[in-house]
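Data first, discussion second: the structure below is written as structure tokens.
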Amino acid sequence: MSQEQSRPRRAPSDRRSTGGTTNVNSTLSIIIAVLAVLLGFFILRDIRNDQSGQSQVADTETTLDPTQTTLGEVPVETTVVLTSFKIQIANASGISGSAGQLTTELQGRGYIVQPAINKSEITPKQTVTVVYYLLGSEQYAAAVANELGGVGIAAMPEPIPTETGKLGEATILILLGTDLAGRPLGSGTAVVVPPTVLVVAPTTTG
């Protein structure tokens, strides 16, 4: 027997087993890579959905009517109670008895009016009637001005333009001018001032 015939031969199955292991490893790598890609895709999609949802909520919040953000704040019409304030009439028209006449007419319509007086000496004769008010009595002044036919209103000047320089218990001063002096008032009815915003408690129905 020759030396070549005496050498042992390698089994061919060793190469096939090594090649099979390599193929399995490659397949697992591909599967893992595909799973990683799919997982990343789903994660990115969820993140985008969350961001779009937040942006929609933010847009909704910014487009809300700001007047509806305060609970219970609604515009209501306020009817003035005529006996809740007092009026002083000062004659600045130069027409004798005109302030007393207006005092009587307003008292007949339910207002509380103090005895009529004259304007101060330094106050010039007025051709236009003005309703003056102390701070906090703006609504009352608007009601009285409406009763007089829509005359102007203004904050109380300093010094007060009456012959005494005072108002007594009144918070409203009518400085009577020649435009209304001696003339009867129109047919005034209920006095309603413009709508104001008030905070009211929520109501529930049961």
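Laboratory data are not the source of any read-out in this text; all were calculated from the coordinates shown. Everything numeric here is computed off the predicted structure, so don't read it as measured data. Here the Cβ is made from the backbone with ideal geometry for all residues, glycine too, and neighbour counts use every protein chain on show.
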**Message:** Need the full-extension length gain, ILE30 to THR104, defined as separation in residues times 0.36 nm minus the C-alpha distance. One decimal, nm.
**Reply:** 16.2 nm
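Report the extension gain between LYS166 and LEU39 in nm, rounded to one decimal, defined as 0.36 nm multiplied by the number of residues separating them, less their alpha carbon distance.
On the way: separation 127, 0.36 × 127 = 45.72 nm, distance 8.60 nm.
Extra length from LYS166 to LEU39 when fully extended: 37.1 nm.
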**Length added when fully stretched, SER120-LEU185, from 0.36 nm per residue minus Cα-Cα** = 20.9 nm
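Peptides 170-178, 121-129: what's the order by average Cβ count within 10 Å, highest mean first? Can you show the working numbers first?
Details: 170-178: 23.3, 121-129: 12.9.
Order by mean packing, descending: 170-178, 121-129.
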**Request:** Would you kindly calculate the translational diffusion coefficient of the range 77-153, applying Stokes-Einstein with the Kirkwood radius from alpha carbon pairs, for 4 °C and a viscosity of 1.567 mPa s, and quote it in µm² s⁻¹ without decimals?
**Result:** 99
**Asked** What ranking, highest mean first, results for peptides 162-169, 112-119, 40-47 when packing means the other Cβ atoms within 10 Å averaged over each residue?
**Response** 112-119, 162-169, 40-47
